[in-house]
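Read through the structure below, which is laid out as structure tokens, and then see the notes.
The values are calculated or read from the model by the stated rules, or taken from the named source; none is laboratory data. Predicted model, so just to flag it, every value in this text is computed and none were measured. Quick reminder, even Gly has a Cβ in these numbers, built from the backbone with ideal geometry, and neighbours come from all protein chains shown. Accessible surface is based on the protein model in full, side chains and every heavy atom, while ligands, DNA and RNA are left aside. Shrake-Rupley method; radii C 1.70, N 1.55, O 1.52, S 1.80 Å.
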Amino acid sequence: MISEKTTQILPECVALRRLLHENAELSFEEYKTTEILMERLSAISGLTFYRPCRTGVIATLQGAFPGPVIAIRADIDALPITEENDLPFRSKNPGAMHACGHDGHTAMLLAAAKILAGEADKLHGTVKFIFQHAEELPPGGAEELVKAGVLADVDEVYGLHLSSLYPTGHFGIRPGALTSATDRFDIVIKGKGGHSAYPEGCIDPIVIAGQVITSLQTLVSRQISATEPAVVSICQLSAGTAYNIIPGEVKITGSTRTFNPKTREVLPKKMEAIVKGACDAYGASYEFTFSLGYASVINDEKLTAWARNLVVSTFGEERVFAIGPLMPGEDFAAMSAIRPGFFVELGAGTAPDCNVPHHNARYRMDEDALAYGIEYFCQLVRTRLSV
Ligand code: NI
């Protein structure tokens, strides 16, 4: 259940979440957010903190006794969206909105840090509170922090995402691969432009692009096992300047989502083979670029089982449910790739108008979820860093 300490700190947590919401900042530009966090952290005795990158901040709480080092990460960035909610704390920065709930993640972690700082005399080990910048923009802040050595001394790493898909205060748990690998492809088909009346003298890249687009859609349905989730989406297409000119080239851009590393490896090869085949047939040439984005978040099996028990004993069996693989990406993957990690989804979709999808200009958070997140973080640390 929700403890007295959490209930007491909740109004402060909600106020901080709203302050961050109002001051939403884009990935790699979270200067004001970082300033607010450092000001709050400096008011908590027992914490030390530093900035390994331009934005974001890492706070450390040393327990009274020796023990493992565990890290909890919250992301702090907003999205390039102009908020359409009519709220008193609506984003005052046009083109920047906390439309994914990272303001909530940050506020919950800070509240947990404050509670736990008062319990350092009981902790066997160390907690690193990672307020991470730039989750939303590859290559992402998580990878930067890993490169800066933030996890060098860490034994386990934990993360959480609020979700409007699930009822408030319910925890979605999945062992193994949780989120998809999210990669990008760019294709340029180079033909030969000319007069629309004389196609025989041209190499029409639009017709070739049409075949490429249709054929790419057969990869998932015909060449990848039905048991392996995968998506190929073409999201940008550009060509041409006038109604009577066959253009010289067509640009196609899109993204793929995969879970199995083998599928991730083989997919670009199969995609290029389709592009090459279509171009060869008509005498066109092409450029094919495949850029790796975030890998899958991998939930360590042992930590997942442990965390599931923790959630059950804290909130009750009825608060836990199993979730399937999630198609969105999450740069926590850079952390779970090098340390045993566990990432949980916390429902925040119950209150009116709070079931709007994330990344939408009308996304809203059910703030009742915040108490569950604070309690979860605190219980995680108390239990993991007990004797
Ligand atoms: Ni997010």
- For the chain, share of DSSP beta bridges that run antiparallel, in % to the nearest 5: 65
- Task: Determine the equivalent ellipsoid of region 230-387 by diagonalising the alpha-carbon gyration tensor, then write out the semi-axes as square roots of 5 times the eigenvalues, largest first, rounded to whole Å.
- Result: 44, 21, 11
- Message: Just the number: Rg to Rh for the chain, Cα atoms, Kirkwood Rh, two decimals.
- Response: 1.05
- Over the Cα atoms of region 81-228, how large are the radius of gyration and the largest Cα-Cα distance (Dmax), in Å? 24.4, 83
- Item | Positive dipole terminus of region 181-294, leading residue within CYS235, CYS279, TYR198 (C-beta point charges) | CYS235
- Query: Looking only at THR179, THR304, THR218, which one moves most when the chain is put into a Gaussian network model with springs between Cα atoms under 10 Å?
  - Reply: THR218
- Item | Segments 312-323, 161-172, 138-149 sorted - mean Cβ within 10 Å per residue, highest first | 161-172, 138-149, 312-323
- Nearest 20 debye, what's the magnitude of the dipole of the chain about its Cα centre given +1 on Lys and Arg Cβ and -1 on Asp and Glu Cβ? 560
- Query: Roughly how many percent of the accessible protein surface of the chain is carbon and sulfur, given a 1.4 Å probe and a whole-percent answer?
  - Reply: 55
- Determine the alpha carbon to alpha carbon distance for each of LYS128/LYS302; LYS32/LYS302; LYS32/LYS269; LYS192/LYS270; LYS147/LYS190; LYS32/LYS262 and list only those over 32 Å. LYS32/LYS302; LYS32/LYS269; LYS147/LYS190; LYS32/LYS262
- Query: So how do 28-35, 90-97 stack up, highest first, on mean other-Cβ count within 10 Å?
  - Reply: 28-35, 90-97
- Item | Cross-link partners of LYS5 among lysines (Cα-Cα below 19 Å; sequence separation of 8 or more within a chain) | LYS114, LYS122
- Message: Connecting C-alpha atoms closer than 10 Å in a GNM of the chain, tell me which of LEU237, LEU26, LEU267 has the biggest fluctuation.
- Response: LEU237
- Note on the structure: Summed over the other residues with a beta carbon less than 10 angstrom from that of THR258, with K and R at +1 and D and E at -1, the charge totals 0
- Relative to the Cα centre, what is the charge dipole magnitude of region 184-339, using +1 at the beta carbon of each Lys and Arg, -1 at the beta carbon of each Asp and Glu, and rounding to the nearest 20 debye? 160
- Note on the structure: Those helices of the chain passing the 18 Å axial Cα length cut-off and the mean Kyte-Doolittle cut-off of 0.0 (DSSP H runs only) are 102-117, 205-218, 301-315, 369-384
- Query: Taking a quarter of the surface of the Cα convex hull of region 181-294, what do you get in nm²?
  - Reply: 6.9
